[in-house]
Amino acid sequence: LRERVQFHCSNSLELLSTIDKKYDFIFLDGDHAAVTVYQELPKAMALLNPRGQILLHDYYPNLKPLFSDGVVICGPCLATDRLHKETPDLVVQPLGDLPWPTKQGSNRTSLALVGRRG
């Protein structure tokens, strides 16, 4: 799949500012700070083809724990909540339970799809 998939491991804000092509799918797994995710998402959204999607890591809906360890990573949820207020067509869909085991004896995932309504 080398001709169809590109992996970039670098500072997300720097990288997103240098890309000049469009994508169908972007996976964001940065430093998870709300201020960073708030800046990453609009930059990544601008790089999407129509109907493209972003897969966001460590999204904890309503800032509630998903796993038995009780850990909550707040940044992605706080950033998407703020962005949704500013951009009402932004849609965040947590993946919730998956049909296979994930971690800590559950099927839960902290992954969420982000896109635009329509």
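The values are calculated or read from the model by the stated rules, or taken from the named source; none is laboratory data. Worth saying up front: this structure is predicted, and the values here are computed from it rather than measured. In case anyone asks, the SASA skips ligands and DNA or RNA and just uses the protein heavy atoms, side chains included. Shrake-Rupley method; radii C 1.70, N 1.55, O 1.52, S 1.80 Å.
Length gain on complete extension for the stretch Gln6 to Val71, per 0.36 nm per residue less the alpha carbon to alpha carbon distance?
On the way: separation 65, 0.36 × 65 = 23.40 nm, distance 3.11 nm.
So the chain would gain 20.3 nm between Gln6 and Val71.
Computed from Cα positions, the angle between helix 75-86 and the longest principal axis of the chain comes to roughly 60 degrees. For the chain, the share of accessible area belonging to carbon and sulfur comes to 54 percent (1.4 Å probe, ligands and nucleic acids excluded).
Ignoring ligands, DNA and RNA, how do Lys64, Lys43 rank by accessible area with a 1.4 Å probe, largest first?
Values: Lys64 120, Lys43 75 Å².
Result of the area sort, largest leading: Lys64, Lys43.
A 1.4 Å probe run over the chain, with the rest of the protein chains in place, finds 64 Å² accessible per residue.
Classify the chain as rounded, prolate or oblate from the Cα gyration tensor: take a ≥ b ≥ c as the square roots of its eigenvalues, call it rounded if a/c is under 1.5, otherwise prolate when a/b beats b/c and oblate if not.
Values: a/c = 1.66, a/b = 1.37, b/c = 1.21.
Prolate, because a/c is 1.5 or more and a/b exceeds b/c.
Against the longest alpha carbon principal axis of the chain, how many degrees, from 0 to 90 and to the nearest 10, is the axis of helix 34-46 turned? Tilt relative to the chain: about 50 degrees.
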